[in-house]
1. Go through segment 196-231 residue by residue and tally those that are hydrophobic (A, V, I, L, M, F, W, C), open to solvent by less than 100 Å² (accessible area, probe 1.4 Å) and under 17 Å from A185 (Cβ atoms).
2. Condition (residue is under 20 Å from L132 (Cβ atoms), assigned to a loop (DSSP other than H, G, I, E, B) and open to solvent by 50 Å² or more (accessible area, probe 1.4 Å)) applied to segment 89-106: is it met by at least one residue?
3. Return the residues of segment 202-246 that are in a helix (DSSP H, G or I), without any contact (Cβ under 8 Å) to a residue 60 or more places away in the chain and aromatic (F, W, Y); say none if nothing qualifies.
4. Regarding Y111, is this residue aromatic (F, W, Y) and open to solvent by 50 Å² or more (accessible area, probe 1.4 Å)?
5. If a residue has to be farther than 30 Å from R145 by Cβ and either touching a strand residue (DSSP E or B) at 6+ places or on another chain (Cβ under 7 Å) or without any contact (Cβ under 8 Å) to a residue 24 or more places away in the chain (or both) to count, how many in segment 27-54 make the cut?
6. Within segment 48-80, how many residues turn out to be assigned to a loop (DSSP other than H, G, I, E, B) and open to solvent by less than 30 Å² (accessible area, probe 1.4 Å)?
7. Taking segment 232-264, which residues are more than 30 Å from A181 (Cα to Cα) and either over 45 Å from the mean Cα position of the chain (by Cα) or surrounded by fewer than 10 Cβ atoms within 10 Å (Cβ to Cβ) (or both)?
8. Outside any helix (DSSP H, G or I) and either touching a helix residue (DSSP H, G or I) at 6+ places or on another chain (Cβ under 6 Å) or open to solvent by 70 Å² or more (accessible area, probe 1.4 Å) (or both) - does that describe any residue in segment 156-176?
Amino acid sequence: FPLTGMELRCKDPSLVEFYETLFFDQLKYPKFLKNLGREYWTTGEAWPFGSFNDVLGVWEDDELLNPDDIEVIRSPFLKEPRFEMKLPQTLRDVLRNRKPEWEFQALMQAYPELARFANNDEARMPVSNTLLRQVKFEADTFNPRGVPILTRGIRSVMQEEMLNAAQDAISDRLSTPLILATLGATATELGTNSPWVPTTDDMEEFEELLDAALAADFRVLTTHFATKMDTVFGKEVMPDFGPDFDRLMERQLMVFGLSKTLLTGASEGQTYAADALNRDLVTQLLTDFQDECKGHYRQRALVVAEAQGHFDYDERGGKKYVKMEEVLEVDPESGETRIVEQPKLLIPDLEIKAMNMHDEKE
């Protein structure tokens, strides 16, 4: 739902066609962003890793990496954290086994520095923030990693499973009650001077006969007066867990800012006052995720625009004039900061259908 209606818009139709072919047709961004969103909501962060072709000036692939293989390192000298990642298992296998030989030779020719990461499973290599990006749900301001929103509802989910377990246990006792059998008779009941106390063999023989009777389609068990049988827990009544499940469901919906009336409509005596707050909160959550998707696309598109030379322009008198912008640049030799002019990049904007749950409800 948050990614419905994606399209690119730009004043230059040729750029729209170029970027739609690259991101929508080749990189499969409509599907890729859905997978990114699943990681964003369930694990709290997504790690898209891009492969850029310097010759063609385009992205060849954008894939999601396992967050467990990535380490986030903060530095007091950098605004953004830097990333280190384990070498993917497929590359480690090629480097260790040197098979297929042509892949090994290609890796050694293009990236000879990968050899020192092949034999150490714990070694991590630094990765450029341009290739590897972190899209995280910031539930904790000071946590360098993303925290999944589902963490808020883990307790209610565990309590729901406990209710299910209790319901199953009661159902088992109702369908297969415990049978308590008593063997033996007193001397008075027998009319003798000594009682009858069954031996271990007598009880085992009776249990075998009882098991056979309960397992048969036509259940008949003939015995004498010295046997008494009662059911235990067989007269229980299934308690009503409905209010408990409803309470836990409301707590789980609160994780996402939802309410029952927002989803199903208010009944008699209920108002939409609280639903307005729920609607605004859900809209904010989904809009924030849309902004994350737009930001990821923009970072990827700016690299392509710089490589392809897609510059913004003004059109006057049928001629195009490149727009310039001032940026701060640090001289690597002297360390001095200076203002320089450079062409302003032009990329199509990613537009996603706006969230308006109120209109949908109406």
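The values are calculated or read from the model by the stated rules, or taken from the named source; none is laboratory data. The structure presented is a predicted model; accordingly, all values stated were derived computationally and were not measured. Positions of Cβ are generated from backbone atoms using ideal geometry, with glycine treated the same way; all protein chains shown enter the neighbour counts. What goes into the accessible areas is simple: the full protein's heavy atoms, side chains included, and nothing from ligands, DNA or RNA. Shrake-Rupley method; radii C 1.70, N 1.55, O 1.52, S 1.80 Å.
1. Counting residues in segment 196-231 that are hydrophobic (A, V, I, L, M, F, W, C), open to solvent by less than 100 Å² (accessible area, probe 1.4 Å) and under 17 Å from A185 (Cβ atoms) gives 5.
2. no
3. F206
4. Yes: the conditions hold for Y111.
5. The qualifying residues number 1.
6. 1
7. Selection gives D240, G242, P243, T264.
8. yes
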